[in-house]
Amino acid sequence: MTFTLVLISIGALLLLVIGINVIQQQKERAEAERRTELARQRAIIDETEEVLSHTGMFPCSSQIILVLYKRVEDALGLAVNYAANQANDYQRRQADISTQVKSLASSPKLAPSIESFRLPDNDKQILTLVRVLKKLKAILRAEHNKGKVDPTIFSEEEGRIDSLQLRINVDSMLSRARAACFMKQYGSSKQMVTKALSTLHAIKAQTPDDPFIARKVDEAKAMLDEIMDAQKLSYPVVKQAKEEEDIDVLFQPKKKW
C-alpha cells in the first residue's frame, strides 16, 4: 500500500512538473511573440518617421503625407497591445498622431508641382533622396495592398514618385557627363549622355507631352554636340603630338649592335 502511494505521488509530481514546464514554455513563447511583434511595429514606426523627416527634400503632396501619418497611427495602435509597461507612452504618441491625421484629412489637398524640383548638389543628399523615394514607393504599395489607399490616390502618388526618380536618374547622368567632359574624359561623357538620351526617348514614347522629357532631350542633345566638338578639337593636338613622336623616333641616333 505504501509503495503504491509512493508511485502515485511520484506520478503526480511528474505530471505537475510537466504541467509547469508546459505553462512556462507557453509563457516564454507568448513573450517572444510579444517582443517580436512589438519590434516589428517599432520598425514600421521608425521607417515611416524617417521618410516623413525627409519629405522636405522633394515636392510632396498632402495625400502621401496623410498615408504616412496613418501608417504610424496604425502601428502605434497595434504596439499598445504589445508594449506592456510602455503602453501609456504609445497611447500618448498615438493620440498626438491621431490629431495630426484629423487635421490633414480636413485640410485642402495640396500637390506641389514636381517641375520645381531641383537635384541637390551634394552627392550624399542625392543618395539619401534616392533611398527615401525607394522606401516611400514600397510603403505606398504596401498600404495600397492592405486596402488603406484609394486606387486613384495610389496611381497619382506612384506616378509622382516615378517622375521624381526619373528626374534624379537623368539629371544625375547628365551631371556626371558634364563633369567627365570637364575632365576631358570625352568617351565616358559621351557614353553617359547617350544612356540618358536612350532613357529619355523610352519614357517619351510613353508620355510624349511631358515638358520635362522634351526639355531634357534638348539639353542632352546639345551636350552631346558640345562633347563631339570638344573631342574633335582635342584630336588634332593628340595626332600632332603622335606625329612629332614618330619623327623623333625616325631621326634619333641609330643604335650599334
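The values are calculated or read from the model by the stated rules, or taken from the named source; none is laboratory data. From a predicted model like this one, the values you see are computed outputs, not experimental measurements. Every residue, glycine as well, gets a Cβ built from its backbone with ideal geometry; the counts of neighbours run over all protein chains shown. These area figures cover heavy atoms from the full protein model, side chains too; ligands, DNA and RNA do not enter into them. Shrake-Rupley method; radii C 1.70, N 1.55, O 1.52, S 1.80 Å.
Computed quantities for the displayed model
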item	result
Any chance GLN63 is under 19 Å from the mean Cα position of the chain (by Cα), surrounded by 14 or more Cβ atoms within 10 Å (Cβ to Cβ) and either farther than 26 Å from ILE153 by Cα or modelled with pLDDT of 85 or more (or both)	yes
Lone unmet requirement of (1) farther than 30 Å from SER53 by Cβ; (2) touching a helix residue (DSSP H, G or I) at 6+ places or on another chain (Cβ under 9 Å); (3) not in a loop (DSSP other than H, G, I, E, B); (4) not hydrophobic (A, V, I, L, M, F, W, C) for SER198	(2)
Test for LEU119: is it open to solvent by less than 60 Å² (accessible area, probe 1.4 Å), part of a loop (DSSP other than H, G, I, E, B), at pLDDT below 90 and hydrophobic (A, V, I, L, M, F, W, C)	yes
Residues located in region 68-96, provided they are open to solvent by less than 20 Å² (accessible area, probe 1.4 Å), of a type outside the set (Gly, Ala, Ser) and under 30 Å from GLN125 (Cα atoms)	LEU68, VAL72, LEU76
Candidate set: region 148-173, residues that are under 17 Å from PRO59 (Cβ atoms) and of a type in the set (Lys, Arg); chosen: the one most open to solvent (accessible area, probe 1.4 Å)	ARG160
THR4 being open to solvent by 60 Å² or more (accessible area, probe 1.4 Å) and either modelled with pLDDT under 90 or assigned to a helix (DSSP H, G or I) (or both)	yes
Selection status of LEU68, under 27 Å from the mean Cα position of the chain (by Cα) and more than 28 Å from ARG34 (Cβ to Cβ)	no
Pick from region 184-213, criterion farther than 22 Å from SER116 by Cα and open to solvent by less than 30 Å² (accessible area, probe 1.4 Å), ranking: farthest from the chain's Cα centre (by Cα)	SER189
Breaking point among (1) under 30 Å from ILE65 (Cα atoms); (2) modelled with pLDDT of 85 or more; (3) part of a helix (DSSP H, G or I), for GLU226	(1)
